[in-house]
1. Pairs under 8 Å by beta carbon, first residue at positive phi in the range 55-69, partner assigned to a loop (DSSP other than H, G, I, E, B) and at pLDDT 95 or above, six or more apart or different chains?
2. Considering each residue of the range 11-31, count those that are of a type outside the set (A, V, I, L, M) and within 12 Å of residue 52 (Cα to Cα), and give that number.
3. Find all pairs meeting these conditions: Cβ atoms under 7 angstrom apart; at least six residues apart or on different chains; first residue within the range 109-123 and in contact (Cβ under 8 Å) with a residue 40 or more places away in the chain; second residue polar (S, T, N, Q) and surrounded by 15 or more Cβ atoms within 10 Å (Cβ to Cβ).
4. Kindly evaluate residue 144 against the criterion of being assigned by TED's automatic domain parsing to the domain that holds residue 168, charged (D, E, K, R) and either buried (at least 19 other Cβ atoms within 10 Å of the Cβ) or closer than 26 Å to residue 19 by Cα (or both).
5. Under 7 Å between Cβ atoms, which residue pairs at least 6 apart in sequence (or on different chains) link something in the range 169-194 that is touching a residue at least 60 places away in the same chain (Cβ under 8 Å) and of a type in the set (A, V, I, L, M) with a partner that is surrounded by 14 or more Cβ atoms within 10 Å (Cβ to Cβ) and part of a loop (DSSP other than H, G, I, E, B)?
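The values are calculated or read from the model by the stated rules, or taken from the named source; none is laboratory data. Note that this is a predicted model, so its numbers are computed, not measured. Positions of Cβ are generated from backbone atoms using ideal geometry, with glycine treated the same way; all protein chains shown enter the neighbour counts.
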Amino acid sequence: MKLYLTPGACSLADHIALTEAGIDVETIKVDLRTRRTEHGDDFNAVNPKGYVPALVFDDGEVLTENVAIMDWVVGEAPHLAPEGRLGRSRNIEMLAFLATEIHRPFMRSMFSPADAEKQAARQAIAERLALIAERLDGDYLFGDAFATADALCYVMVRWARDSGFDLPDRLTAYAERVESRPAVQKTLRAESLA
C-alpha cells in the first residue's frame, strides 16, 4: 500500500491516522507545484485531481480525499472512531466540517490574490476553530480517546499556529496533547517535520 503525500500538507492527517492504526504504508512525496513524485513520476496518473492525499492499495485501487481515507482507516481500526451507535458518523461529521469549513478557507487564505478574500477566510477559520475549542470536552474531540478526526483537526490547528493565528488556550493545549502522541511523533519525523 502506498500513501502519496506532501510533508506538512493535509495528507499529514492521513499519515497520522494510518500510523495510529498500525497500518504500514510506503510513503511517496509529491511536489504539488510540478505534480511530480519524488521518483519523477507524473502524480496526475495516480490522482487526476492533482492533489494529495492518495492511498493506493496493493490491487491498484486508489482512494482519495481525507474524509474517505480516514473513514477507511476506521473500518480497519474501529477504535479510531468514537464509541456508540453514531460514533463513526460523528467522526465523519467532524471530518467533513474540518475539510469543508476550515481546510477549504485555508486554501483561500493562502492562495487568493484578493486581500479581502484572504481576510474573510482567516476570520472564518478563527471562528470555526474557536467553536471547536469551546466544545472540547476531554483530551480529544470526542472525549478521552483519539479518533481519526483528531488527526485532521491537529493539522488544521498546526497550520493556524504556523500562520500566526491567535489560538484559544484550549486548542493550543489540545494540539500539544496530539503532538505528544508516539504515533504522531513518528509521523512528524517521517515527514521531516520534527
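1. Correct list of pairs: 65/53.
2. Keep residues of the range 11-31 that are of a type outside the set (A, V, I, L, M), which gives 11, 14-15, 19-20, 22, 24, 26-27, 29, 31.
After this cut, where a residue has to be within 12 Å of residue 52 (Cα to Cα) as well, the list is 11, 14-15, 27, 29, 31.
Total meeting the criteria: 6.
3. Cβ pairs passing all conditions: 122/109.
4. On the way: assigned by TED's automatic domain parsing to the domain that holds residue 168: yes; charged (D, E, K, R): yes; either buried (at least 19 other Cβ atoms within 10 Å of the Cβ) or closer than 26 Å to residue 19 by Cα (or both): yes.
The answer is yes for residue 144.
5. 193/7; 193/8
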